[in-house]
Structures are given as structure tokens and as C-alpha cells.
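Engineer: Before I ask anything, here is the structure I am working with.
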Amino acid sequence: MFIDEHRGVFGVEPICQALGIAPSTYYAVKKREREPSARALRDAELLVEIRRVHAENNNGTYGARKVWKQRRREGVVVARCTVERLMRNDGLRGVKRGRKRRTTIPDGGADRPSDLVDRDFSADAPNRLWVADFTYVMTWSGVVYVAFVIDAFSRRIVGWKADTTMKTSLVLDTLEMALWARDRQGLTVEPGLIHHTDAGSQYVSFAFTTRLIDAGVDASVGSVGDAYDNSLAETTIGLFKTEKIHREAPWKTLSDVELATLERVDWFNHTRLHSAIGDMPPAEYEDLHLQRLETQ
């Protein structure tokens with residue numbers, strides 16, 4: 001500034017007089033330069049709390065939108081654009097949501113069986129129609145996948161497995177458990193059983209298809225990633241996630257998920273009432289069916 005450069009030689013007042021400005025104007029400008037503005041003070045106060053909220057929530061998970069919402073919950077009214085500006089200037093960023101984990105991954109090179117169900121999940125006896133699918137559970141030690149086989153007649157879970165991989169072995173072992181369990185219950189699988197799934201690569205693999213053929217089971221596959229084409233399995237898994245996994249999270253290890261699934265399946269099959277089968281447990285519903293057959 002010209003006055004600052006020459007005030008030591010000529011003084012402030014003579015220079016202001018020569019420039020045609022009042023000395024008070026010069027001093028007012030210098031005061032503003034020395035003292036931060038009201039906006040700067042406000043920004044400094046807000047930034048302290050923004051840093052706190054950002055750090056406290058999962059070590060920097062929150063982005064500007066959630067930081068802004070949290071401050072509003074704390075009773076601080078501040079514009080979202082202000083939070084965005086201050087976080088951007090301070091280098092604060094939130095985590096971005098990754099891609100949704102997919103469990104249905106089609107195999108474009110595999111021959112796909114026809115859809116023998118066409119969204120009709122009714123059955124007049126056990127071992128007429130099985131539906132199968134799997135889901136994932138986040139644990140402290142990594143992702144755990146849980147597969148199920150459900151009998152459409154009674155809604156009974158006849159097979160399940162938890163594993164850290166979603167390879168074909170996951171669904172193949174689940175099928176083996178279902179075949180073993182039914183044989184143990186005196187309901188040995190006979191030709192005519194339909195095993196329905198989505199078009200995931202695990203279910204259309206050579207190994208899985210071969211095992212179905214060996215067991216005399218007819219494979220049925222719906223559309224890729226279409227929940228309606230496998231809605232019964234989706235519903236059963238949804239109940240499992242809602243009633244067990246989400247309520248009792250967090251989960252630590254595969255073993256924890258296995259034990260929880262074992263408990264859940266036993267309760268689901270023998271205790272939980274299902275409106276679709278007359279408000280009774282699946283095991284009881286099957287027992288009544290078998291008793292009627294024996295009477296006849």
C-alpha cells in the first residue's frame with residue numbers, strides 16, 4: 001500500500017491530504033486488516049466442531065452431508081454449503097460407499113436350465129420343490145457367506161452352510177446336507193424334485209448340475225438377479241438377516257455365524273410360526289402331513 005511504504009518519510013496525514021482521502025479512512029482499513037472478520041471468526045469456531053464430528057464418527061467416515069446433519073442434531077444451524085466449503089478447505093473427506101457386493105454372478109459360458117417354476121412356489125408335498133440361495137454376513141474377520149435350501153411345501157430349511165468363500169463348494173455342500181437331512185428324516189428324495197435357484201454361476205456350474213442329475217433332481221433357474229423369480233428364498237434369507245444377523249451384530253468370526261445359523265435354523269424349523277402354512281412351525285406342518293398320509 002502506498003501510504004504504508006512512505007509514511008515513515010512523509011507521515012500519514014500529509015500523504016492522505018495529497019491523495020484526497022481522510023486519515024480516518026486509512027486507519028479504519030488498517031484495523032480491519034489486523035482484526036479477523038465476523039465470518040472468519042465464525043468459520044474458525046465451526047471448523048473446530050466439524051473436525052470433532054469428523055474424527056468421532058468411525059475415524060473420518062462422515063462426509064459433508066452427514067457432518068452437517070450431525071451438527072443440526074446438536075442444535076447448530078449452519079448451511080450445508082458452509083460445511084462443504086470448510087471441509088474442502090481443510091482437506092476433510094468422508095468415505096465413499098463401495099460397490100454393492102454381488103452374490104449372483106452369472107456365468108455367460110454355462111448352459112442354463114429352464115425355469116420350471118415360473119414364480120409359482122406352491123407344492124402339495126415335501127420334496128416337490130426346493131428353492132436355494134445364499135447371502136453374506138460382515139464379520140470382524142471378513143465376509144462370511146451363508147447358503148440355504150428351503151422346501152417350498154413347508155418353508156422348512158432343509159440344508160445350510162456358512163463359509164468364507166462363495167465358490168461352488170458352498171452351494172454344493174448345502175445341497176448335500178439337504179439330501180442327507182431329508183433321508184435322515186425318512187423323506188428320501190425321489191425323482192420329480194425341482195431344485196430352483198437364480199442364475200448364479202455356482203448353481204449352473206458343471207459340478208453342481210452333475211450332482212443334481214446324480215440325485216435325480218431337476219434343475220430350475222430363474223432370471224439373473226431377479227428377486228421375484230426366487231422370491232421364496234429371498235424372503236427366507238431376508239427373515240434370517242432381519243431377525244438374527246442385524247439384531248445381534250456385530251459378528252466376529254465364521255464360527256460365530258455358524259453357531260448363530262444353527263440356532264436360527266432349529267428355531268425357524270421347530271418353533272417359529274409361519275402364516276403361509278397355517279401359523280405353525282414347518283416341522284409340525286410336515287408331521288401333520290405325514291400323519292394324514294398314514295391315516296389314509
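Engineer: For segment 118-131: of the residues being touching a strand residue (DSSP E or B) at 6+ places or on another chain (Cβ under 6 Å) and at pLDDT 95 or above, which is surrounded by the fewest Cβ atoms within 10 Å (Cβ to Cβ)?
Structural biologist: Going through segment 118-131, the residues touching a strand residue (DSSP E or B) at 6+ places or on another chain (Cβ under 6 Å) turn out to be 123, 126, 129-131.
Retained after the next criterion (residues that are at pLDDT 95 or above): 126, 129-131.
Details: P126: 23, L129: 25, W130: 30, V131: 27.
Only one residue tops the list, namely P126.
Engineer: While we're here: Among (1) in the same structural domain as G222 (by TED's automatic domain parsing); (2) on the phi > 0 side of the Ramachandran plot, there is one condition R119 misses while meeting the rest; what is its number?
Structural biologist: With (1) in the same structural domain as G222 (by TED's automatic domain parsing); (2) on the phi > 0 side of the Ramachandran plot applied to R119, the lone miss is (1).
Engineer: If you go through segment 234-257, how many residues are free of Cβ contacts under 8 Å to residues at least 12 places away in the same chain, of a type in the set (S, T, Y) and under 22 Å from D151 (Cα atoms)?
Structural biologist: 2
Engineer: Now for a different question. For H195, work out the one condition from (1) modelled with pLDDT under 90; (2) assigned by TED's automatic domain parsing to the domain that holds L288; (3) over 26 Å from the mean Cα position of the chain (by Cα); (4) of a type outside the set (A, V, I, L, M) it doesn't fulfil.
Structural biologist: With (1) modelled with pLDDT under 90; (2) assigned by TED's automatic domain parsing to the domain that holds L288; (3) over 26 Å from the mean Cα position of the chain (by Cα); (4) of a type outside the set (A, V, I, L, M) applied to H195, the lone miss is (1).
Engineer: Going by the conditions given, is T174 polar (S, T, N, Q) and modelled with pLDDT of 95 or more? Steps first, answer last, please.
Structural biologist: On the way: polar (S, T, N, Q): yes; modelled with pLDDT of 95 or more: yes.
Answer is yes for this residue.
Engineer: Shifting gears a bit: How about segment 255-296: which of its residues are in contact with a strand residue (DSSP E or B) (Cβ under 7 Å, 6 or more places away or on another chain) and aromatic (F, W, Y)?
Structural biologist: If the condition is that a residue be in contact with a strand residue (DSSP E or B) (Cβ under 7 Å, 6 or more places away or on another chain) and aromatic (F, W, Y), then F268 is the only one that fits.
Engineer: Only one residue in V83, V77 is among the aliphatic types (A, V, I, L, M), at pLDDT 80 or above, under 31 Å from the mean Cα position of the chain (by Cα) and over 30 Å from S205 (Cα atoms), so which one is that?
Structural biologist: Numbers: V77 fails: under 31 Å from the mean Cα position of the chain (by Cα).
When all the criteria are applied, what remains is V83.
Engineer: While we're on this one: So which of R156, R93, R101 ends up being basic (K, R), at pLDDT 90 or above and within 26 Å of the chain's Cα centre (by Cα)?
Structural biologist: Every option except R156 fails the conditions.
The values are calculated or read from the model by the stated rules, or taken from the named source; none is laboratory data. Just so we're clear, the structure is a prediction, and the values are computed from it rather than from any experiment. Heads up, the Cβs are rebuilt from the backbone with ideal geometry, glycines too, and the neighbour counts pull from every protein chain shown.
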